[in-house]
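Peer 1: A single structure is presented below for examination.
Values quoted throughout were computed directly from the atomic coordinates according to the rules given, and no laboratory measurement underlies them. Since this is a predicted model, take the numbers as computed values, not measurements. As a convention, Cβ positions derive from the backbone with ideal geometry for all residues, glycine included, and neighbour counts pool all protein chains shown.
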Amino acid sequence: MSRVFLIILCFFALSAQRDPILVPEVSQHEVQVRQGFTGTELILFGAILDPSGQRAGRKYDIVVILKGPSEPIRLREKERIGPIWMNAESTAFRSAPSFFAVASSSARIADIVDERTAAIYELGLDYIQLSPSGTIDPEEQARFTAGLVDLRERQGLYKESMEGVRISEQVLYQARISLPSNVQTGTYTAETFAITRGRVIASAIAEVEVKKVGFERFVELFSQQQEFWYGLLAVSLSIFMGWVAGRLFALI
Amino acid sequence: MDLYLPIANLSVNGIWIVALGMLTGILSGLFGVGGGFLTTPLLIFYGIPPTVAAASASTQVTGASVSGVFAHSKRKGVDYKLGGVTVVGGIFGAGIGAILFRFLQAAGQIDVVINILYVVMLGTIGSLMAKEAMESIRPAQGSTSRSAPKRRHHPLVTALPLRWRFYRSGLYISPFAPLILGILVGILTMLMGVGGGFILVPAMLYILGMSAGVVVGTSLFNILFVTMATTMMHALTTQAVDIVLAAFLLLGSVTGAQIGTQVAQKVKPEWLRLALAVIVLLVALRMLFGLGVQPDEIYTVSPL
C-alpha cells in the first residue's frame with residue numbers, strides 16, 4: 001500500500017517540476033543523392049515549451065547531434081618501419097558513426113554539463129562512443145579514437161560547432177549542419193537535448209533519410225546485384241567509346 | 001562541373017576527370033603505353049578510394065587501347081598467336097592478382113605493396129629506358145661506333161621446354177616464356193590498375209627478342225583483353241568499378257589517344273622515349289618520396 005502511495009507521490013512530484021517539451025523539426029526529412037549532388041545543408045530547428053504551452057521562460061542550453069548510420073570498422077595506424085611508413089597496429093570498432101555533427105548553444109560543453117553526463121549523451125567529439133571490440137588498454141583506445149576523430153574531422157564527416165545553435169526569445173532554436181558530398185546513405189538521427197543546471201531535462205529525436213535516387217541508385221544496385229552484367233556493360237562501354245573515337249578521328 | 005560518382009560515393013569536378021583522362025590518353029597515343037600508371041595514382045591523389053581508382057582505371061585502359069589495336073592489326077602489326085598466349089597468362093595472372101589483392105587488403109598492407117611495386121617497376125624501367133634513349137641520341141653527336149651485341153633472346157627463354165613457331169614475331173621459342181610474362185603482367189594489372197604496357201613492351205623486345213614491328217601492336221592486344229578481364233574480375237569481387245568515373249575518363253582518353261598518335265608521327269622516336277623515361281622516373285621518385293616521409297594521414301579506415 002505504501003509503495004503505491006510512493007509511486008503516486010513520485011508522479012506528482014515529477015510532473016510538478018513541469019519539464020519542458022521539445023518540438024524538433026528538420027528542414028528536410030529526405031536528402032536525395034543524385035547527379036550533381038555536392039552536399040547539402042540541414043537546418044535543425046524547433047521550439048521549447050513548458051507543458052502549459054507557454055514559453056519555457058528559463059535559460060536553457062540546446063545541444064543538437066546529427067548522427068549517420070554506424071558501421072563496424074577497422075582503424076589502422078601507420079608507423080615508420082625501417083625507411084618507410086606502413087600500417088602497423090590496428091583496432092576494431094563495432095559501431096563508428098559514419099557522420100557525427102554536434103552543435104551547441106554554449107561556448108563549451110564542459111560549462112553546461114559534467115563529464116559523466118556528456119559521455120552518456122555523447123555531447124561532443126571528445127565523448128563519442130565507438131565501442132571497441134576486444135580488449136584494448138584505455139590509453140591506446142584513446143589514441144585510436146582521437147586518430148579517427150581527427151581523420152574524419154578533416155574529411156568533413158565529424159564536426160563540432162560550439163555556439164552553433166541560436167536560441168531566440170527562449171522559445172525557438174535553430175542550428176545549421178552541412179552534409180558534404182561524401183556522406184554515406186542511410187538513416188540519420190537528429191537528437192536534440194535541452195539542458196539546464198547540468199541536467200538534460202528534455203530530449204527528442206527526428207530522422208533524416210539520406211538516399212541515392214534515380215540513376216545513381218540504379219547504378220549502385222546494378223553493380224551489387226548483377227555484377228556480371230555490370231562488368232560486361234563497363235567493358236562494352238569502353239570498347240565502344242574507343243572504337244567511336246578511332247572512327248571519328250579517321251574522318252578528320 | 002560537379003559530377004557525383006555513385007560507386008566512389010563522392011562528388012568530383014568532371015572537367016578534372018576528363019582532363020586527367022586526356023593526359024593519359026595523349027601519353028598512350030604518344031608512347032603506346034596505356035597510361036594507367038599515371039591514372040591510378042592521380043585518382044588516388046584526387047581523393048578517389050584506391051580500390052575504385054584501380055578498378056576504374058583498368059576500364060579506361062581498355063578503351064584507350066581499342067583504337068590502337070585496330071590500327072596495328074590493319075598494318076599486320078599484331079602477332080595473334082603470341083598475343084593469345086600472353087592473354088591466357090594474363091587472365092590467370094589477374095585471378096592470382098585478385099587473390100593477392102584480397103589477402104593484402106585483409107592484412108592492411110595493400111597500399112604499401114602497391115606503392116613499392118610502383119617504385120620498383122617504374123624506377124627500373126624508367127632508368128633502363130632513359131639509358132637506352134640517351135645512347136641512341138648521343139651517337140648522332142659523338143663518334144663511338146657501336147658494336148651491336150647480337151643476341152636474340154634472354155638465355156632463360158631458351159632454357160624452357162617445348163618450342164612453338166610465332167611467325168609474325170619471327171620467333172621459335174617455348175610458349176612458356178610469353179605465358180609467364182603474361183601471368184606477371186596480369187598480376188600487376190589487377191594490383192596496380194595498369195595495363196602493363198610499360199613492362200610488356202621492353203620485355204617483348206629485350207627478353208623475348210620479338211621483331212620490333214609487332215611489339216607495340218601485340219602489347220596493345222594483350223592489354224585490351226587483360227584489362228577487360230580485370231574489369232570483370234573487379235566487378236565480380238571488389239564491386240569497385242565506377243562506370244560514371246570510367247566514362248568520363250574515357251571521354252578524355254579516347255580523344256587524347258588520337259591527339260597523341262598525331263603528335264607521335266612528327267617527333268623523333270628516341271626523344272619520345274627519353275620524354276617517357278623522364279615522366280616514368282618522376283612518378284617513381286614522387287612515390288618513393290611518399291613512402292619515406294610521414295604521410296598526411298596516419299590513420300586509415302576500412303570497413304569490417
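Peer 1: Going by a ≥ b ≥ c, the root eigenvalues of the Cα gyration tensor, does region B:185-272 fall in the rounded group (a/c under 1.5), the prolate group (a/b larger than b/c) or the oblate group? Intermediate values should be presented prior to the final figure.
Peer 2: Values: a/c = 2.90, a/b = 1.34, b/c = 2.16.
Oblate shape, in that a/c is at least 1.5 and b/c is the bigger or equal ratio.
Peer 1: List, in order, the whole-Hz ³J(HN,Hα) value for each residue of region B:224-239 obtained from phi through the Karplus relation with A = 6.51, B = -1.76, C = 1.60 and θ = phi - 60°; use x for Gly and Pro.
Peer 2: Taking θ as phi minus 60°, the curve returns 3, 6, 5, 5, 4, 5, 6, 4, 4, 4, 5, 4, 7, 9, 7, 6 Hz for region B:224-239.
Peer 1: Hey, can you grab everything whose amide H is under 5 Å from the amide H of A:SER178? Only 5+ residues off in sequence or another chain; H modelled, so Pro and N-termini drop out.
Peer 2: Under 5 Å from the amide H of A:SER178 lie the amide H atoms of A:LEU42, each far enough along the sequence or on another chain.
Peer 1: Measure out, as a whole number of angstrom, how far apart the alpha-carbon centroids of region A:185-243 and region B:44-79 sit.
Peer 2: The two parts, judged by their Cα centres, are 30 Å apart.
Peer 1: Compute the longest continuous run of chain A that contains no exposed GluC sites (Glu not before Pro); treat a site as exposed when its DSSP state is not H, G, I, E or B and it has at most 14 other Cβ atoms within 10 Å.
Peer 2: A:1-162
Peer 1: Take every Cα pair under 8 Å in chain B that's 6+ residues apart, average their separations, divide by the length, and report that relative contact order as a whole percent.
Peer 2: Relative contact order comes out at 40 percent.
Peer 1: Can you pull the one-decimal nm distance between simple spin-label points at A:ALA119 and B:GLU270, each 7 Å off the Cα toward Cβ?
Peer 2: Each label point is offset 7 Å from its Cα along the Cβ direction, giving 7.4 nm.
Peer 1: Further question: Could you tell me the calculated FRET efficiency between B:MET1 and A:SER52, based on Cβ-Cβ distance and R0 = 41 angstrom, to the nearest 0.05?
Peer 2: So the FRET efficiency works out to roughly 0.15.
Peer 1: Another one. Once you've got the GNM for chain B with C-alpha springs shorter than 10 Å, pick whichever of B:PRO41, B:PRO161, B:PRO202 has the biggest mean-square fluctuation.
Peer 2: B:PRO161
Peer 1: Under 30 Å from the Cα of B:LYS74, which lysines turn up, not counting those fewer than eight places away in the same chain?
Peer 2: Correct list for B:LYS74: B:LYS266, B:LYS268.
Peer 1: Could you tell me the relative contact order of region B:189-287? Use alpha-carbon pairs under 8 Å, at least six residues apart, and round to a whole percent.
Peer 2: 19
Peer 1: Which residues' amide hydrogens lie under 5 Å from the amide hydrogen of B:ASP79, considering only partners 5 or more residues apart or on another chain, with H built in the peptide plane?
Peer 2: The answer is B:THR218.
Peer 1: Give me the orientation-averaged projected area of the Cα convex hull of region A:17-233, in nm², one decimal.
Peer 2: Working: hull surface 65.4 nm².
Over every viewing direction, the Cα hull of region A:17-233 projects on average to 16.4 nm².
Peer 1: So what is the relative contact order of region A:17-233, in percent, for Cα pairs below 8 Å that sit 6 or more residues apart?
Peer 2: Reported as a whole number, the value is 32 percent.
Peer 1: Same structure, new question: Using Cα centres only, tell me the gap between region B:213-255 and region A:82-120 in whole Å.
Peer 2: If you average the Cα positions of each part, the centres end up 41 Å apart.
Peer 1: Turning to a different aspect of this structure: Which aspartates and glutamates, if any, have their Cα less than 15 Å from the Cα of B:LYS131, not counting same-chain residues under 8 positions apart?
Peer 2: B:GLU270
Peer 1: Top mean-square fluctuation among B:ALA71, B:ALA203, B:ALA264, Gaussian network model of chain B, C-alpha springs under 10 Å?
Peer 2: B:ALA71
Peer 1: Set Lys and Arg Cβ to +1 and Asp and Glu Cβ to -1, take the dipole of region A:17-233 about its Cα centre, and tell me which of A:PHE144, A:LEU221, A:PHE37 lies farthest positive.
Peer 2: Looking along the dipole axis, the top candidate is A:PHE37.
Peer 1: Under 5 Å between amide H atoms, partner at least 5 residues away or on a different chain: which partners does A:GLN28 have, H built in plane at 1.01 Å?
Peer 2: The answer is A:ILE43.
Peer 1: What's the lysine pair count for chain A at a Cα cut-off below 28 Å, pairs eight or more apart or interchain?
Peer 2: 9
Peer 1: Further question: For B:ALA133, what is the net charge nearby, where nearby means another residue's Cβ is under 13 Å from its Cβ and Lys, Arg count +1, Asp, Glu -1?
Peer 2: Charge balance near B:ALA133 sits at +1.
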